[in-house]
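Scroll down for the structure; my scribbles are underneath it.
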Amino acid sequence: MKLLCLSNGHGEDVIAVRILEQLQQQNPAIELAALPLVGEGYAYTKLAIPIIGKVQKMPSGGFVYMDGRQLLRDVKGGLLKLLLAQYKVVRKWSKSGGKILAVGDIVPLLLAWMSGADYAFVGTAKSEYYLRDEAGWYPKTSKWERFSGSVYYPWERWLMKGKRCQGVFPRDSLTAQMLQKCKIKAFDLGNPMMDGIFPANSAPIFYNSNSEERELGRSLKVLLLPGSRDREAYQNWELILQAISGVMVTFRERSPVFLAAIAPSLDLTQLQQILLASGWISKPLSLLETPISDSEALGFSQKNATLLLTQNAYHECLLAADVAIAMAGTATEQFIGLGKPAIAIPGKGPQYTYAFAEAQTRLLGPSLTLVKNPERVANTIKAILSDPDRIQLIAENGQQRMGQPGAAARIANFLNESLAGN
């Protein structure tokens, strides 16, 4: 079997790679290739999966939540020419007898349909939780959305109903149920986002029987997620540093340790310069508390706090942290899937705007708290960690919304059986 994977974004690339890795283990004879529609596909090259066709960074960094100005910037940056080149690649792949796995939103799904090949779709961008939960529609859900009956538009569902579509894998059980009602071959196999992360204690406990915060004799560990998109991440980083200045004051007796999980595509030098300008002092790792094993991490200190910049210990950061200050997509969802709380600050975009953050709070429910400005982060964290009922709700909600690990292997098994048989 020959399988080409289409994905459109850094997070989507990572999810796709997890599935392809399982496919390789289950079927060593499979011929794999990838075509990242946004960015340069670092995740694929790391696994030695060949990239076919032209790849190019777009000014917006992605297709989701773009406004008209971002779309215009992408068009000027060669978007239409890039899409045409990518269409030619998928058509050529189809004619050679290859199959396609689309990961992301309507863009890879549409290209898969246009290819003429058999295809499957992993829907990472949409969830019914944007519109409703198990109790029913949210009050702000529009009449059109209720009439449509699903977070997926009719034309998207039409693409999923195509005869060549062998299977659709939504990101959660609620979405799978709704698509099944629409007579779509949707399978509830879990969310690959949670694969490869090995949770320890899923929820932090910082309270006593009277719901009062108490000292446990260890540092408060805070995960920092500025996002993965170039330019935007550096602006997000400045907002996050404003937020942690308040955290250092509010939790000064807890000697906070800030774990900054930085995407490999970002320039650490720029982040380091912003840190130094904000009063942080560079320190050798040997002189700092380091709950991660990355010997290449950069260490900093200020007053009673420690900050670590790492591009090699992403999973360790997720597992070690008690709470996150998050301005990211996939990374925020993975952290919440571990049953932990996150605080979101809206940025200037193009991705992490107020609209994106507000939609993300609907997607993730009580696990993600949106604050209007960085100054509110510290008190929000204090309120969450001093409320045992809220902590318990967050722990249960994270698992419900993000699902159990092992989805990549289950999806790979389905693909091996269905696509290989056609």
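The values are calculated or read from the model by the stated rules, or taken from the named source; none is laboratory data. Since the structure is predicted, the reported quantities are computational estimates derived from the model, not experimental observations. Cβ coordinates were reconstructed from backbone atoms using ideal geometry, including for glycine residues, and neighbour counts include every protein chain displayed. Each accessible area value is taken on the protein alone, full model and side chains, heavy atoms only, with ligands, DNA and RNA left out. Shrake-Rupley method; radii C 1.70, N 1.55, O 1.52, S 1.80 Å.
Some observations on this one:
- In the range 354-361, the count of residues that are within 20 Å of residue 130 (Cβ to Cβ), surrounded by 20 or more Cβ atoms within 10 Å (Cβ to Cβ) and not hydroxyl-bearing (Ser, Thr, Tyr) is one or more.
- Residue match in the range 313-326 (condition: touching a helix residue (DSSP H, G or I) at 6+ places or on another chain (Cβ under 6 Å) and free of Cβ contacts under 8 Å to residues at least 60 places away in the same chain): no
- Members of the range 252-308 found to be more than 26 Å from residue 231 (Cβ to Cβ), of a type in the set (Val, Ile, Thr) and touching a Phe, Trp or Tyr at 6+ places or on another chain (Cβ under 9 Å), listed by number: 281, 306
Yes or no, residue by residue, for (1) over 24 Å from residue 229 (Cβ atoms); (2) open to solvent by 10 Å² or more (accessible area, probe 1.4 Å); (3) assigned to a loop (DSSP other than H, G, I, E, B):
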residue: 3; (1), (2), (3): yes, no, no
residue: 23; (1), (2), (3): yes, no, no
residue: 35; (1), (2), (3): no, no, no
residue: 44; (1), (2), (3): no, no, no
residue: 49; (1), (2), (3): no, no, yes
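- The set of residues in the range 275-299 that are surrounded by fewer than 11 Cβ atoms within 10 Å (Cβ to Cβ) and in a helix (DSSP H, G or I) comprises 277, 286, 287.
- Candidates 243, 260 - the one that is within 19 Å of residue 317 (Cβ to Cβ) and not in a helix (DSSP H, G or I): 260
- Number of residues in the range 117-144 that are part of a helix (DSSP H, G or I) and either open to solvent by less than 10 Å² (accessible area, probe 1.4 Å) or touching a helix residue (DSSP H, G or I) at 6+ places or on another chain (Cβ under 9 Å) (or both) equals 3.
So that you can scan it fast, the table gives a plain yes or no per residue for (1) at pLDDT 95 or above; (2) among the charged types (D, E, K, R):
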| residue | (1), (2) |
| --- | --- |
| 367 | yes, no |
| 370 | yes, no |
| 376 | yes, yes |
| 379 | yes, no |
| 399 | no, no |
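- Top-ranked residue of the range 257-280 - restricted to ones that are in contact (Cβ under 8 Å) with a residue 60 or more places away in the chain and of a type in the set (A, V, I, L, M), ranked as nearest to residue 302 (Cα to Cα): 259
- So residue 137, is it in contact with a Leu (Cβ under 9 Å, 6 or more places away or on another chain) and without any contact (Cβ under 8 Å) to a residue 40 or more places away in the chain: yes
- Residue tally, condition part of a helix (DSSP H, G or I), open to solvent by less than 20 Å² (accessible area, probe 1.4 Å) and either of a type outside the set (D, E, K, R) or in contact with a Gly (Cβ under 8 Å, 6 or more places away or on another chain) (or both), over the range 156-197: 9
Residue-by-condition table, conditions (1) open to solvent by 80 Å² or more (accessible area, probe 1.4 Å); (2) out of contact with any Pro (no Cβ under 6 Å at 6 or more places or on another chain); (3) under 30 Å from residue 407 (Cβ atoms); (4) at pLDDT 95 or above:
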{"site": "208", "(1), (2), (3), (4)": "no, yes, no, no"}
{"site": "214", "(1), (2), (3), (4)": "yes, yes, no, no"}
{"site": "224", "(1), (2), (3), (4)": "no, yes, yes, yes"}
{"site": "239", "(1), (2), (3), (4)": "no, no, no, yes"}
{"site": "251", "(1), (2), (3), (4)": "no, yes, no, yes"}
{"site": "263", "(1), (2), (3), (4)": "no, yes, yes, no"}
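- Residue match in the range 319-334 (condition: part of a helix (DSSP H, G or I), open to solvent by less than 10 Å² (accessible area, probe 1.4 Å) and over 16 Å from residue 233 (Cβ atoms)): yes
- Scanning the range 335-355 for residues that are out of contact with any strand residue (DSSP E or B) (no Cβ under 9 Å at 6 or more places or on another chain) and either of a type outside the set (S, T, N, Q) or outside any loop (DSSP other than H, G, I, E, B) (or both) turns up 337, 338, 339, 347, 348, 349, 350, 355.
- Selection status of residue 333, of a type outside the set (Phe, Trp, Tyr) and more than 18 Å from residue 191 (Cβ to Cβ): no
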